[in-house]
Amino acid sequence: MEEKPKAKINLNRVAMPHQDPKARAKNYSEVALGYTDAMALEEASRCIQCPKRPCVGGCPVNVDIPEFIKAVRDNDMVEAVRVLKSKNALPAVCGRVCPQETQCEQVCTLAKKQAPIAIGRLERYVADWDLGHQDKRSPTVLPPPTGKKVAVIGSGPAGLTCAADLAKFGHKVTVYEALHTAGGVLMYGIPEFRLPKKIVQSEVDYVKSLGVDVQLDSVMGKLATVDELLESGYDAVFLGTGAGLPMFLDIPGENLNGVYSANEYLTRTNLMKAYLFPEYDTPIKIGKRVAVIGGGNVAMDSARCALRLGADVVYIVYRRSRTEMPARHEEVENAEEEGIVFKMLTNPKQILGDDKGWVKAMECYEMELGEPDASGRRRPIVKQGSEFTMDVDVVVIALGTTPNPLIASTTKGLDTTKRGTVVADEQSGKTVKDRVWAGGDVVTGAATVISAMGAGKRAAASIDAFLKGQ
Amino acid sequence: MYKILSKEKLTPVIDCLKVEAPAIAKKARAGQFVIIRIDEVGERVPLTLADWDAAAGTITLVAMEIGASTCKLGGLQTGGSILNLVGPLGLPSEIEKFGTVVCVGGGVGIAPVHPIARSLRQAGNKVISIIGARNKDLLFWEDKMRLVSDELIVTTDDGSYARKGLVTEPLKEILEREKVARVVAIGPAIMMKFCSLTTKPFNVPTVVSLNSIMVDGTGMCGCCRLSVGGQTRFACVDGPEFDGHQVDWDIVFDRQKVYLKEEKEALDRWKECQCQKS
């Protein structure tokens, strides 16, 4: 049936149901509860199926968004899953942690009316339906094996996506992961309440179901170098090692007991399950008054973990103002609702310790904003004589991360930048080294899950073209 | 799963495990370490390699039963397994012909000193080793150390065996007696600090191996950070060996104590579980 050309456009975006802020600040269950069938149908029906499909171009992996939404509206969930997964190997992850507001939803035709389709929420709905209806999955039909072998280093979003696509092209793929669990930042970094680990595990299992072999406990560069992999029979290598090295402030007191990098804080909490100590063996210091330094998603995650671990007060200390915060708006809102205290335009000068070497306070400057800097954001400037002291007993530093040099330092012929990132072609992910590709945070520096996935996907296509041309 | 091919007690509280790990054994070099996670609820524990056999595909780990994890490790038996084992991590020891090298091993630190002494001897150095422990019951591998040393001195703090006293005393005597090109000291942090203080007036380069608290062991968390020559360094990727004269020891001591309370809680809980079992 033809749609009426002037059908009334529904501008009421269906809200995502959330756990009550008071309750959720004390548990690790997922904060966003997901759409019900009725909510998904209502939201999917708002999509006007415009012919320009700007959302597809806004997605780093070019999911056919209008098609999967149409399938949801038509209640054809098997088709919705098929469309979604044909482009995105990790939809349950992306539906939860992608910054849709700056990607597909930002360019949605209805965004002009401040009511973009909630693409991320619908994506999550479809992916969760799939996880709950695995019996209805049509088995992925793989092409006959090409006989080519590819080593993928790192099992984060870039590596998993690259591996899945290469497997779908018929190549034999081995993924090497340094930690004892596959998933990279999805496992060690993003907390359970934002991305349940069983969801990540299901996505990893799906990639494995494509015939991908995942080798855990394998620190490449140490256990074997890239050259050794190439000599041992791999036809190509993809580096998806991420940006795992924490940055510190380089201020006095940073080595005091009770000062954590966000990486350590989150790894102990999420990967090692320190929130279940002593049932789990890994401990974490539970601060009463915790300061998290930084304004990104990792800072929000750390602050919300601190709250759940049992802190009385948790501060976000950020040197610019609310407007410049790089964290997703939704996460800032969630953090605020849960009671995180935002200390904006504040920058630490030093961390003060007691006589036993423990953090007892943090001295900060007040800041003001000057002219825009290279990032386009207004530069924070110290207000002279504005020092003040905050009583805190745990400090978490969430200032960003840089790539781990382990691979670059053990691989001859790779080009790296001053920031430690590996140089690779933006489109293909090809590095200057023969038969070696790279993508994700190791190339761009710390960025998003979906951009890493996009890079993994493009590299897989380029590797496939290379292998088939051989 | 990594199979335990043999397990023996070197002393009542020090365990030696030979574990099947062919890929690690092939790459291992003196001074490097591995990280183990015993079971699903386990923490990640760094252990410096005590030995390895590339041909047999095995590595040897030695650990002292101090906390819950090392006690759990001590409870494992031949035929059992360790859930996760990753390595070889860290930078290998610098091995070249220096001349005369003194290798000092204190307590459980005797284990990692052994392969370093062996490699240094193979590189043509004259190796004088000093091994020490609090008492006779904590001493092990005297025979193995003798095999890789030109001279071996054994001490116990309480005099229950061999020479009474601390390892720093014979160390000082050797430095006064002959020209020493390098000292390698591995053991409790306090011992490494005092070995470094002993060699300082003689201006002899002194290498210490820091077994800091770690999580990932690949440079990701920064838990093992320390200050060396005024710069923040990570024991896992920049070490574990550092210039003992440059290490800020106070930070090392403080950071070792971060989880004292939790470690005690875990150990008490482990002991309680053992009592309930028996």
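Might you check whether a residue that is open to solvent by less than 60 Å² (accessible area, probe 1.4 Å), modelled with pLDDT of 95 or more, outside any helix (DSSP H, G or I) and more than 14 Å from every other protein chain (Cβ to nearest Cβ) occurs anywhere in the stretch B:243-253?
Yes: the stretch B:243-253 contains one or more residues that are open to solvent by less than 60 Å² (accessible area, probe 1.4 Å), modelled with pLDDT of 95 or more, outside any helix (DSSP H, G or I) and more than 14 Å from every other protein chain (Cβ to nearest Cβ).
Of the conditions (1) within 23 Å of the chain's Cα centre (by Cα); (2) acidic (Asp, Glu); (3) away from every other protein chain (no Cβ under 14 Å), A:ASP135 clears all except one; give me its number.
Only one criterion in (1) within 23 Å of the chain's Cα centre (by Cα); (2) acidic (Asp, Glu); (3) away from every other protein chain (no Cβ under 14 Å) is unmet by A:ASP135, namely (1).
Any residue in the stretch A:35-45 that is within 30 Å of A:ALA167 (Cα to Cα) and of a type outside the set (D, E, K, R)?
No, the stretch A:35-45 contains no residue that is within 30 Å of A:ALA167 (Cα to Cα) and of a type outside the set (D, E, K, R).
Go over the candidates A:THR174, A:THR181 one by one and state the one that is at pLDDT 95 or above, under 23 Å from the mean Cα position of the chain (by Cα) and under 22 Å from B:PRO46 (Cβ atoms).
So the residue among A:THR174, A:THR181 that is at pLDDT 95 or above, under 23 Å from the mean Cα position of the chain (by Cα) and under 22 Å from B:PRO46 (Cβ atoms) is A:THR181.
Before we move on, is A:LYS208 touching a residue at least 40 places away in the same chain (Cβ under 8 Å) and either open to solvent by 30 Å² or more (accessible area, probe 1.4 Å) or touching a Lys or Arg at 6+ places or on another chain (Cβ under 8 Å) (or both)?
no
Mind listing whichever residues of the stretch A:57-69 are surrounded by 15 or more Cβ atoms within 10 Å (Cβ to Cβ) and in contact (Cβ under 8 Å) with a residue 40 or more places away in the chain?
A:GLY58, A:CYS59, A:PRO60, A:VAL61, A:VAL63, A:ILE65, A:PHE68, A:ILE69
I'm told B:ASP158 meets every condition in (1) within 18 Å of the chain's Cα centre (by Cα); (2) surrounded by fewer than 16 Cβ atoms within 10 Å (Cβ to Cβ) except one. Can you identify the failing condition by its number?
The one condition B:ASP158 does not meet is (1).
Looking only at residues in the stretch A:320-353 that are modelled with pLDDT under 95 and more than 24 Å from A:ALA25 (Cα to Cα), which one is surrounded by the fewest Cβ atoms within 10 Å (Cβ to Cβ)?
Taking the candidates together, the pick is A:THR323.
From the list A:VAL185, A:VAL259, A:VAL219, exactly one residue is of a type outside the set (Ser, Thr, Tyr), open to solvent by 30 Å² or more (accessible area, probe 1.4 Å) and within 14 Å of chain B (Cβ to nearest Cβ). Which is it?
Answer to the selection: A:VAL185.
Name the residues in the stretch B:75-93 that are within 14 Å of another protein chain (Cβ to nearest Cβ), more than 17 Å from B:ALA28 (Cα to Cα) and modelled with pLDDT under 95, would you?
Answer for the stretch B:75-93, where residues must be within 14 Å of another protein chain (Cβ to nearest Cβ), more than 17 Å from B:ALA28 (Cα to Cα) and modelled with pLDDT under 95: just B:GLY75.
Given the criterion closer than 29 Å to A:TYR35 by Cβ and in the same structural domain as A:MET187 (by TED's automatic domain parsing), identify the matching residue among A:GLY156, A:GLY170.
Going through A:GLY156, A:GLY170 in turn, the sole match is A:GLY156.
Facing another protein chain (nearest Cβ under 8 Å) and touching a residue at least 12 places away in the same chain (Cβ under 8 Å), is that true of A:PHE248?
Yes: the conditions hold for A:PHE248.
Looking at the stretch A:225-245, which of the residues that are under 21 Å from A:PRO403 (Cα atoms) and polar (S, T, N, Q) is surrounded by the most Cβ atoms within 10 Å (Cβ to Cβ)?
Only one residue tops the list, namely A:THR241.
Just to check your reading of the model, which residue among B:VAL258, B:VAL207, B:VAL228, B:VAL247 is within 24 Å of B:ASN125 (Cα to Cα) and of a type in the set (A, V, I, L, M, F, W, C)?
Only one candidate passes the filter, namely B:VAL207.
Taking only the stretch A:263-296 into account, find how many residues are more than 20 Å from A:ALA446 (Cβ to Cβ) and part of a loop (DSSP other than H, G, I, E, B).
Summing the residues that are more than 20 Å from A:ALA446 (Cβ to Cβ) and part of a loop (DSSP other than H, G, I, E, B) in the stretch A:263-296 gives 14.
Kindly provide the set of residues from the stretch B:226-241 that are more than 8 Å from chain A (Cβ to nearest Cβ), open to solvent by 10 Å² or more (accessible area, probe 1.4 Å) and not in a loop (DSSP other than H, G, I, E, B), ordered by number.
Correct list: B:VAL228, B:GLN231, B:ARG233, B:PHE234, B:ASP238, B:GLU241.
Considering each of A:THR431, A:THR444, A:THR421, A:THR411 in turn, give the residue that is more than 24 Å from A:GLU254 (Cα to Cα), β-branched (Val, Ile, Thr) and open to solvent by 70 Å² or more (accessible area, probe 1.4 Å).
On inspection, the qualifying residue turns out to be A:THR444.
Conditions first: (1) aliphatic (A, V, I, L, M); (2) open to solvent by 60 Å² or more (accessible area, probe 1.4 Å); (3) under 19 Å from the mean Cα position of the chain (by Cα). B:VAL208 passes all but one, so which condition is the exception?
Condition not satisfied by B:VAL208: (2).
Can you tell me which residue within the stretch B:44-74, out of those that are in contact (Cβ under 8 Å) with a residue 60 or more places away in the chain and assigned to a loop (DSSP other than H, G, I, E, B), is farthest from the other protein chains (Cβ to nearest Cβ)?
Among them, the one singled out is B:ALA50.
Being modelled with pLDDT of 95 or more, within 28 Å of A:ILE450 (Cα to Cα) and assigned to a loop (DSSP other than H, G, I, E, B) narrows it down to one residue among A:TYR260, A:TYR234; which is it?
After ruling out the rest, the residue left standing is A:TYR234.
For B:CYS223, all conditions in the list (1) open to solvent by less than 20 Å² (accessible area, probe 1.4 Å); (2) in a helix (DSSP H, G or I) hold save one; what is the number of the exception?
Here B:CYS223 meets the rest and fails (2).
Scanning the stretch B:161-180 for residues that are open to solvent by less than 30 Å² (accessible area, probe 1.4 Å) and among the aliphatic types (A, V, I, L, M), which turns out farthest from B:GLY132 (Cα to Cα)?
Among residues in the stretch B:161-180 that are open to solvent by less than 30 Å² (accessible area, probe 1.4 Å) and among the aliphatic types (A, V, I, L, M), the one farthest from B:GLY132 (Cα to Cα) is B:VAL180.
Output the number of the condition that B:ASN211 fails; it satisfies all remaining conditions of (1) more than 11 Å from chain A (Cβ to nearest Cβ); (2) closer than 16 Å to B:THR48 by Cβ; (3) at pLDDT 90 or above.
For B:ASN211, the failing item is (3).
The values are calculated or read from the model by the stated rules, or taken from the named source; none is laboratory data. Not measured: the values here are computed from a predicted model. Neighbour counts run over all protein chains shown; Cβ positions are idealised from the backbone, glycine included. Side chains included, ligands, DNA and RNA excluded: accessible areas come from the protein's heavy atoms. Shrake-Rupley method; radii C 1.70, N 1.55, O 1.52, S 1.80 Å.
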